[in-house]
1. Of all residues in the stretch A:206-215, which are farther than 13 Å from A:Val73 by Cα and either over 20 Å from the mean Cα position of the chain (by Cα) or among the β-branched types (Val, Ile, Thr) (or both)?
2. Which numbered condition trips up A:Ala236, out of (1) farther than 27 Å from A:Phe183 by Cβ; (2) surrounded by fewer than 21 Cβ atoms within 10 Å (Cβ to Cβ)?
3. Is at least one residue of the stretch B:466-486 farther than 26 Å from B:Val248 by Cα and touching a Leu at 6+ places or on another chain (Cβ under 6 Å)?
4. Taking B:Arg463 as the residue in question, decide whether it is over 18 Å from the mean Cα position of the chain (by Cα), buried (at least 23 other Cβ atoms within 10 Å of the Cβ), on the phi < 0 side of the Ramachandran plot and not acidic (Asp, Glu).
5. So A:Ile201 passes all but one of these: (1) in a loop (DSSP other than H, G, I, E, B); (2) away from chain B (no Cβ under 12 Å); (3) more than 30 Å from A:Ile149 (Cα to Cα). Which condition number does it fail?
6. What's the total number of residues in the stretch B:309-349 that are acidic (Asp, Glu) and more than 8 Å from chain A (Cβ to nearest Cβ)?
7. In the stretch B:239-258, what residues are part of a strand (DSSP E or B) and not β-branched (Val, Ile, Thr)?
8. Among residues belonging to the stretch A:330-347 that are touching a Leu at 6+ places or on another chain (Cβ under 8 Å) and modelled with pLDDT under 80, point out the one that is surrounded by the fewest Cβ atoms within 10 Å (Cβ to Cβ).
Amino acid sequence: MLDTAFLVRRQNPGFLLTSLSYAGGLLVGLTVSAMLLVHAGVPASALVDEFLIATFLTSDGLSQTATAALPLVLVGLASAVAMRVRFWNIGVEGQLWLGAIASTWVALNGIGPEALRLPTMFVLAALAGAAWIAISLFLKLRWGVNEVISTLLLGSVAFLLVQHLLFGVWRDPANSFPVTATFPEASWFSILGWGQLHTGIFLVAGIALSIWFVMEHSRAGFYADAVGFNAKAALATGLPVLRTAVGLVLLSGALSGVAGMMIVAGTEHRLNQSVGNGYLFSAIVIAYLARAKPLWVIVVSFALGAVFTAGNVLKVFYSISEAMIVLMQGTVLMSILMAQFFSTYSLKRPN
Amino acid sequence: MRGIGKSFDGKAALRDASFRLEWGEVHAIVGENGAGKSTLMNVAAGVYVADGGYQSIDGEAISLRSPLEAAAAGLGMVHQHFRLVESFTVAENVLLGLGRKSKVKTPADAAAIVAAKSREIGLPVDPHRQVADLSIAERQRAEIVKVMLLGARILVMDEPTAVLTDEEARTLLSFAQRLSRQGHAVVLITHKFREVAAFCDRVTIMRHGETVLDGAPVADVTEADVARLMVGDALTVAGRPLSRPGDVCLRVEGLSAQATAHRQNLNDIGFELHAGEILGIAGVGGNGQEELVACLLGLEKIDAGAIMLDGEDISAARPGKRREAGLRIIPSDRFDSGLIRELSIADNLALTTIPGGSFGGPFLLRRRAMREKAAEAIDAFDIRGATPDRPASLLSGGNAQKVLLARELGQGLKVLIAHSPSRGLDMKATEFVRSAIRRAVEAGAACLLISEDLQEVMSLSHRVAVMNRGGIVGCRQAGDVTPEWIGGLLAGHA
């Protein structure tokens, strides 16, 4: 009988151990998810078909996955950069909504010359997202309000704002549904001719690579690591702690805002009540699984995009509910996090 | 207890310590920080197992392997940090301590015995209140009642009055006296001679892990005796005052800062530090040393006063600016505010100079230059087990301190604040650190050495000041320091 045991932090977990535990966690998570699906009525034989073949091995599936991954990369990065300085941005959805509102405003009112329409939407979406997170940041710095609470609750406020607009001034005049009219084509990312995939992919790739470069090779990235690991020591050694933290938190908000723009200008071409749903949880999952590393964010976002694609198929053909898809994401996340725990600590019995 | 020895990581904390306690007495154990008082009592209470020696209770040899065995033998200890679960009530904490074999099974039963015990020994404790809601003094009373309920007839208290107001301390000490008159025995670990004189029957003095005065009646010893025995041979190290002090490097005037929940206040601290000089600040830990360092470094705001570095007031500047002006620090806790565990050694060495642009412009970072520079420092300071890319967390204490020295003693050093620079280090590493500081000072820097280790202060300093209750209570040239003077100030009788 194991009465007592100690958790001992491993000095330097090797690459092999880390990868093995990661893979092990993924496998357990997928197995449990598969069992859940089978229990919900999906024939076991169809699982492989829908998941692997339809998602990765058909041109349609792959383009859909890539399209779905674009906003995921942005929200994943948003969550990751804030995580680097230990700021828990649980309001990704709120900032995303604000970005979507800002770009919708530009698109519907035709602000600026047509050639600059998308860049204008991009800039305003980024500013709107940053402004929204700035509220939480201010509350934290001024009165010590926990950002987990304030960002989360401001997410709901942002959604109410969207509803206010959709049921008010922006209601579609054609049929009175609570969605905006379709944007003029100048506000669309052009289609690349492969499924729904659009030119937004270049913007996302550019952003992701720049953030990777900044985090790994620049002075700001170095400051971010120092501040995130030990803010007190960073302050005592004379680093600009406040500036670094504020900069990265605002960047996080801006990235979420751009994700909102990516969705309305890339795939929906209008604002409706569902464009932002589910991105908060996905952002956290991606940032955790990628360990806040920008390049891994891209990889994990594609994997999650695949889950969404497969989920859509499951929803349509096997009437699996949306909640089931979220449940699967959660299962995979928890099992990988548990596996990571055991690659960081070893279990020792007292002698 | 006879001939007790105990080492941690090869460093002896106790060597040949002895202690004799009689029923019906309050017995004080006095000594400097690190003299081995707490270690000896932790051995007695079964927290540590001694490496060697003989222990007995009522003439019967015992060998305690755990606090539970000690409790069964009638020995209970109230630690400086209470062993209470904050989210439980007092009664639930007692229930937890009693364990499975006890007859008391429910919180209600436990509450009843807590109330009864509290009445019996005259310490008011409400069994139904949650520990988190209790004040420090109330928690201490709860802890005492708990320890007594677990069967303690010998009560050991580790600096119980350090966290109390004077009034609360008097109440507690008279309780200890009352308890001893009922036939129990009480051991009091303390720094304060006043408490010893007023409330204790006998006193044992420890120094460097040895017993130097074994249970003398309090009436037979004077305060000067205690001061001399506590300080001991630390003063045989000849203090060498500086013959020709350089210009004033650092002047602190009337520095004050308000106390907060976890912070000692600082009142009207003033001193001058000259180039080429080491000013040692001695004092028992927790008398404002941490706070002083934080204020000098710019981590805490000051309420009044000025900090002049080379004639310029830096008291409003942020830490980075103070560094640029030549202020450097060796903090008492290396990994709290000096080094960053998770970063590589190269990163840690470059930490302070990157903002100034020594490794690339405002945007790009020149990692290769950082690595090369780190490799040089590792050679120059003989940092064992280090490569530029290894994380700092893998270094031993001594080698981590060398990384810190390599960084802080580098270019631009004018004033070095060294806070307990050899804490936790072995002899060899200690000597390395001290000679590195000496060399830096001979090269023209000034050093403010803040340490709880009197031997360290005496062996390095040109002048010695003593800190007590947030103020500087005295300052002398190293040659004029006497045991009576320093002992009296340490114990708080300025």
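1. Of everything in the stretch A:206-215, just one residue is farther than 13 Å from A:Val73 by Cα and either over 20 Å from the mean Cα position of the chain (by Cα) or among the β-branched types (Val, Ile, Thr) (or both), namely A:Val214.
2. (2)
3. yes
4. yes
5. A:Ile201 satisfies all of (1) in a loop (DSSP other than H, G, I, E, B); (2) away from chain B (no Cβ under 12 Å); (3) more than 30 Å from A:Ile149 (Cα to Cα) except (1).
6. Looking only at that region, the number is 4.
7. B:Cys249, B:Leu250, B:Arg251, B:Glu253, B:Gly254, B:Leu255, B:Ser256, B:Ala257
8. This residue is A:Leu347.
The values are calculated or read from the model by the stated rules, or taken from the named source; none is laboratory data. These figures come from a predicted structure and were not determined experimentally. Here Cβ is always computed from backbone atoms with ideal geometry, including for glycine, and neighbour counts include all displayed protein chains.
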